[in-house]
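Peer 1: So that we are looking at the same thing, I have put the structure below in structure tokens.
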Amino acid sequence: MKHEQLVRDFFSQNAKSPLPEGEEALDVHYLDDGLIDSFGIVTMIADFESALGVAFTAEDMQSYEFQTVGGLIGLLDRLAISSAN
Amino acid sequence: MFVPKDVIFLPESTASHPDRWVAMNVFARTSLGLSSGVFRLLGEMASDPEAGGEGPFRCWRIEYFSNEAGLLADPSRFRRNTEDWEELNLNRTELVAELKKHCILVDDEVVYLDRFKPKRHLLDSVHFGNFHQQHGQHMALTRRKDPADWWMRQKFSEDQLSVRPDTLYGAIQSKFLERYAEERISNGMTVVDLGCGTGVYSNLMASRGAAVLGIDPSEEYLAVARANAVQGARFENMKIGEAGALDDVPSASADIVFMSDALLFYFVPFYPGQNADIRILLKDIRRILKPGGSFVSLEPHGAFYLMPWLGAIDRPFVVITEYLRKSFGIVPPLSGLIQQVTQAGFVVTDMREIVPADYFKEIDPRGYYFASEFPLWHLLEFRPFAH
């Protein structure tokens, strides 16, 4: 959960309502819950890719994992490790 | 696990690559290339779940978002050139997964049918959604391009001043309008071009001697239009389809109100929550027209637009999966379009189903022959009904 703060910062700046504190946030389906809209997703993808120097594939972005806050953090952790190697 | 009735099989064998079929789910618009071993297996599965053994099975990945090349590019979504097919040799488990991925096999009919609902958001890959949603998703996630920019470039030249002749837009719409303008537009007429974009067609009509007022809500397009306006054309920024938006256009001032590729968005919005009311628009058009004036509407064809181009190049056929109630399509059925306008106090005075100019046969024979038999656009001319 190395990139939890990055994700939390993005949502605190861009989401329509704040993420819950603590672990509860990890299960949030940020799209279904309306925290961000389609425009927000495009911004989010670009922000995370430039912050970490990684690139999401279309499969990454359409995975179930990508749609929850916890899944997204896990994916960022993995991508950051593989890009570092 | 079963093959839905929505799947068709098309022969694609060639001398160099015998034994190949395209399996296409015509509702889902997905496809996979198959060898006859897989074809036979699909037929036997229902009665014998173990049929065909463990493989290996030969099939080919052939699917792609073919409309990326343009709204009027081949909408069939499989690679025509069999040299571009990606061969796979799969064991049974892998084969079943690949067949399911392309909707040639499905597990559960209820779950499958639910997939035809609109996408819930940009990342929703479960629901197919309509063409706008599929295109937006493809552009945002796979190509990382702005869909609005693509929308312009697939129709207009780089400088946005002419319609690309190498697409069906040029061969059908633009070529037709050149002839139509000669026939219908004459010196001294007043024309209002609603949704004029960069003014390509406004300029065409002005060059026939008409005084043309081009109206568009996009300042970006209007800047291009103004910089390149021919004599007789002027351009104004106004919203369209909202109450009061066209109040600055005088009543009974126009011989012709022209609109192209615009009314469809009043039936299926380009983006959710789009604020446009066709009744307000039509009331405005009726007010702006002189008595005896015409509302000329050029729109994609409600039956054939975005439907797959199948069959031999010069003897095409089409499989139409929806017409009245569209889950994929973005164009209203003919009656839906015409009734909206007639209910606003107009009568239909002309209709043309428009086919491509001959030169296009050399550029894209498949597109040419298809669009020559199954029109992709129609023009409707309406006049206010005199009470």
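The values are calculated or read from the model by the stated rules, or taken from the named source; none is laboratory data. Remember, predicted model here, so these are calculated numbers, not experimental data. Reconstructed Cβ throughout: ideal geometry from the backbone, glycine too, with neighbour counts over all protein chains shown. Ligands, DNA and RNA are stripped out before the accessible areas are found, and what is left, the full protein with its side chains, is counted by its heavy atoms. Shrake-Rupley method; radii C 1.70, N 1.55, O 1.52, S 1.80 Å.
Peer 1: Using a Gaussian network for chain B with springs between C-alpha atoms less than 10 Å apart, which of these wobbles most: B:Val341, B:Val96, B:Val212?
Peer 2: B:Val96
Peer 1: Hey, can you find the accessible area per residue of the stretch B:201-332 for me, probe 1.4 Å, expressed in square angstrom? Intermediate results must be reported in sequence, preceding the final value.
Peer 2: Details: 5820 Å² over 132 residues.
Counting only protein heavy atoms, the per-residue value for the stretch B:201-332 is 44 Å².
Peer 1: Modelling each spin label as a point 7 Å along the Cα-to-Cβ direction, I'd like the B:Glu362/A:Ala51 distance in nm, to one decimal.
Peer 2: Here the modelled spin labels are 5.5 nm apart.
Peer 1: Loop-only check: which chymotrypsin sites (Phe, Trp or Tyr not before Pro) in the stretch A:1-65 are DSSP coil with at most 11 other Cβ within 10 angstrom? Intermediate results must be reported in sequence, preceding the final value.
Peer 2: Numbers: sites: A:Phe10, A:Phe11, A:Tyr30, A:Phe39, A:Phe48, A:Phe56, A:Tyr64; in loops: A:Tyr30, A:Phe56, A:Tyr64.
Sparse-neighbourhood loop chymotrypsin sites (Phe, Trp or Tyr not before Pro): A:Tyr64.
Peer 1: Using only the alpha carbons of the stretch B:216-362, what is the convex hull's orientation-averaged projected area in square nanometres?
Peer 2: Working: hull surface 46.8 nm².
That works out to 11.7 nm², a quarter of the Cα hull's surface.
Peer 1: Specify the residue with the greatest mean-square fluctuation among A:Glu24, A:Glu65, A:Glu49, computed from a Gaussian network of chain A linking alpha-carbon atoms under 10 Å apart.
Peer 2: A:Glu24
Peer 1: At most 13 other C-beta atoms within 10 Å and a DSSP loop state: those are the exposed GluC sites (Glu not before Pro) I care about. Give me the longest piece of chain B that has none. Before the final figure, lay out the partial values.
Peer 2: Working: sites that count: B:Glu50, B:Glu54, B:Glu158.
Excluding the exposed sites themselves, the longest stretch runs over B:159-387.
Peer 1: Running a GNM on chain B with Cα contacts under 10 Å, which residue among B:Pro49, B:Pro147, B:Pro316 ends up with the highest mean-square fluctuation?
Peer 2: B:Pro49
Peer 1: I've got another one for you. Measuring with a 1.4 Å probe in the full set of protein chains, what accessible area per residue, in whole Å², belongs to the stretch B:76-173? Walk me through the numbers on the way to the answer.
Peer 2: Details: 4510 Å² over 98 residues.
Roughly 46 Å² per residue, with all protein chains present.
Peer 1: Which Rg and Dmax, in Å, describe the Cα atoms of chain B?
Peer 2: 23.6, 77
Peer 1: Under 13 Å Cα to Cα from B:Lys145, which aspartates and glutamates show up? Leave out anything in the same chain fewer than 8 places away.
Peer 2: B:Glu68
Peer 1: Name the shape class, rounded, prolate or oblate, that the alpha-carbon gyration tensor gives for chain A, where a ≥ b ≥ c are the square roots of its eigenvalues, rounded holds for a/c under 1.5, and otherwise prolate holds if a/b is larger than b/c and oblate otherwise. Could the numbers behind the result be given before it?
Peer 2: Working: a/c = 1.59, a/b = 1.37, b/c = 1.16.
Cα axes put chain A in the prolate bin.
Peer 1: Given B:Lys239/B:Lys283; B:Lys155/B:Lys175; B:Lys155/B:Lys326; B:Lys119/B:Lys155; B:Lys5/B:Lys101, which pairs have Cα atoms separated by over 20 Å?
Peer 2: Working: B:Lys239/B:Lys283 15 Å; B:Lys155/B:Lys175 13 Å; B:Lys155/B:Lys326 24 Å; B:Lys119/B:Lys155 26 Å; B:Lys5/B:Lys101 16 Å.
The pairs that break the limit, which is 20 Å between Cα atoms, are B:Lys155/B:Lys326; B:Lys119/B:Lys155.
Peer 1: May I ask you to give the percent of accessible area on the protein assembly as shown that is carbon plus sulfur, with a probe radius of 1.4 Å? Before the final figure, lay out the partial values.
Peer 2: Values: 11410 of 21950 Å².
That fraction is 52 percent.
Peer 1: Nearest 5 is fine: what % of DSSP beta bridges in the protein assembly as shown come out antiparallel, could you say? Don't skip to the end; give the middle numbers.
Peer 2: Working: 38 of 58 bridges.
Here the share of antiparallel DSSP bridges comes out near 65 percent.
Peer 1: Separate question: Which whole-number percentage describes the relative contact order of chain B, with Cα contacts under 8 Å and a sequence gap of 6 or more?
Peer 2: Details: 706 pairs, mean separation 47.9, N = 387.
So the answer I get is 12 percent.
Peer 1: Taking the Cα-to-Cβ direction at B:Glu178 and at B:Phe385 and moving 7 Å from each Cα, how far apart do the two end points lie in nm?
Peer 2: 3.8 nm
Peer 1: Output the residues of the stretch B:122-143 meeting this criterion: accessible area (heavy atoms, 1.4 Å probe) in the chain alone minus accessible area with all protein chains in place is 10 Å² or greater.
Peer 2: SASA drop of 10 Å² or more in the stretch B:122-143: B:Leu122, B:Leu123, B:Ser125, B:Gln137, B:Ala140, B:Leu141, B:Thr142.
Peer 1: Right, something else. What's the long-distance tail for the protein assembly as shown, i.e. % of Cα pairs beyond 28 Å? List each step's numbers first, then the result.
Peer 2: Values: 67223 of 111156 pairs.
When every Cα pair of the protein assembly as shown is considered, 60 percent fall beyond 28 Å.
Peer 1: Restricting to Cα pairs below 8 Å that are 6+ residues apart, what does the relative contact order work out to for chain A? Please round to a whole percent.
Peer 2: Values: 67 pairs, mean separation 31.5, N = 85.
It comes to 37 percent, rounded to a whole number.
Peer 1: What net charge do the residues around B:Glu50 carry, taking every other residue with its C-beta under 15 Å from that of B:Glu50, with Lys and Arg at +1 and Asp and Glu at -1? It would help to have the intermediate numbers written out before the result.
Peer 2: On the way: positive: B:Arg40, B:Arg92; negative: B:Glu44, B:Asp48, B:Glu54.
Spelling it out: positives minus negatives among the neighbours equals -1.
Peer 1: What ratio of Cα Rg to 2.2 N^0.38 Å holds for the stretch B:231-292? Each step should come with its number before you reach the end.
Peer 2: Details: Rg = 12.5 Å, N = 62, 2.2 N^0.38 = 10.6 Å.
Normalised Rg, Cα atoms only: 1.19.
Peer 1: Between B:Ser218 and B:Ala252, what is the label-to-label distance in nm when each label sits 7 Å out along the Cα-to-Cβ direction?
Peer 2: 3.6 nm
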